[in-house]
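The values are calculated or read from the model by the stated rules, or taken from the named source; none is laboratory data. Since the model is a prediction, treat every value here as computed from it, not as a measurement. Note: ideal-geometry Cβ built from the backbone for every residue, glycine included; neighbour counts use all protein chains shown. Side chains included, ligands, DNA and RNA excluded: accessible areas come from the protein's heavy atoms. Shrake-Rupley method; radii C 1.70, N 1.55, O 1.52, S 1.80 Å.
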Amino acid sequence: MLYTALVLAAGLMLTVLTYLLFFRSMRLLIEDAVARLLALAVPALLVMAVVAGLIGWLVAGRILRPIRTIADTANRLSTENLSERVPVGRPADE
């Protein structure tokens, strides 16, 4: 959620900055063109925020999967058999 909020905030700031720079440099620009720019930028920002949220959710799930497995195993072992140990996989280089 934090990652999605940060992407959304950065995208919003980028959209506002682009709008200000574009409007400042093109004073003679018709208001319709500026409205079209915003009409295209806002949906694009929302789509990117959703995509960023999904990617963040998938990455967080993948990173936290081993922690969930260890916690589930520890809970199961503590209720069934206190003498059993949590299996730990070791890297091949150690």
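List of remarks:
- Residue 12 contributes an accessible area of around 100 Å² to the protein surface, as traced by a 1.4 Å probe with all chains present.
- Carbon and sulfur %, accessible surface of region 1-47 computed with the full protein complex present, 1.4 Å: 79 percent
- Sites residue 3 and residue 70, calculated FRET efficiency, Cβ-Cβ separation with R0 25 Å, nearest 0.05: 0.60
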